[in-house]
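The values are calculated or read from the model by the stated rules, or taken from the named source; none is laboratory data. Note that the structure is predicted; figures quoted are calculated from it, not measured. Glycine also receives a Cβ, built like all others from the backbone with ideal geometry; neighbour counts cover every protein chain displayed. Ligands, DNA and RNA are excluded from the accessible area calculation, which covers all protein heavy atoms including side chains. Shrake-Rupley method; radii C 1.70, N 1.55, O 1.52, S 1.80 Å.
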Amino acid sequence: MVMILVDADACPVKEEIYKVAFRREVLVTIVSNSPIRVPVHPLIARMVVGTAFDAADDWIAERAGPGTVVVTADILLADRCLKSQAAVIAPNGKPFTMNSIGNAVAIRAIMADLRAGGESVGGPPPFTKADRSCFLSALDEMLVRLK
């Protein structure tokens, strides 16, 4: 059975996930460190994992596998889930793949080193309506392929 696991604490596309899940009749689990309001619906579950470091990531990675779509912007979590054969998509609609994850992990490490050295490297670009639209389309397509 296909399901969606959402790294939800900072996820800007939860409403879009619900919309696609309802249309495709796919189970969704919203995973967070603190309670997040979710629709009361049999397809939607909420898992509050507590505040331990990487608790949400660990919970998701332990359950990710074939037939699972993981929604996250966390590159290291994406890497863990891809190794478990889950499909992984970022909130901007870009899928993480085995071909792209190595480069993403390397860039993340370089940026962390630069920040640790005092460099001002900025952050990701602002989230846009185009990102939201791209995400909706990419999630729907991913679910169709998995089913």
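Take the residues in the range 98-147 that are part of a loop (DSSP other than H, G, I, E, B) and closer than 19 Å to Val71 by Cα; name whichever of them is farthest from the chain's Cα centre (by Cα).
Selected residue: Lys147.
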It is to be established whether one or more residues within the range 67-76 are surrounded by fewer than 18 Cβ atoms within 10 Å (Cβ to Cβ), out of contact with any strand residue (DSSP E or B) (no Cβ under 8 Å at 6 or more places or on another chain) and within 19 Å of Glu16 (Cβ to Cβ). no
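Go through the range 94-128 and give me each residue that's at positive phi and open to solvent by less than 60 Å² (accessible area, probe 1.4 Å). Talk me through it step by step, then tell me what you get.
First, pick out the residues of the range 94-128 that are at positive phi: 118, 122.
Gly122 - this is the single residue of the range 94-128 that is at positive phi and open to solvent by less than 60 Å² (accessible area, probe 1.4 Å).
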Going through the range 7-37 one residue at a time, which ones are part of a strand (DSSP E or B) and of a type in the set (Gly, Ala, Ser)? Ser32
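Within the range 58-67, is even one residue part of a strand (DSSP E or B), closer than 19 Å to Leu139 by Cβ and without any contact (Cβ under 8 Å) to a residue 60 or more places away in the chain?
Taking the range 58-67 as the starting set, the residues that turn out to be part of a strand (DSSP E or B) are none.
Within the range 58-67, none of the residues are part of a strand (DSSP E or B), closer than 19 Å to Leu139 by Cβ and without any contact (Cβ under 8 Å) to a residue 60 or more places away in the chain.
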Across the range 132-143, what is the total count of residues that are free of Cβ contacts under 8 Å to residues at least 60 places away in the same chain and open to solvent by 40 Å² or more (accessible area, probe 1.4 Å)? 4
Residue check for Ala52: in contact (Cβ under 8 Å) with a residue 60 or more places away in the chain, open to solvent by 20 Å² or more (accessible area, probe 1.4 Å) and not in a helix (DSSP H, G or I): no
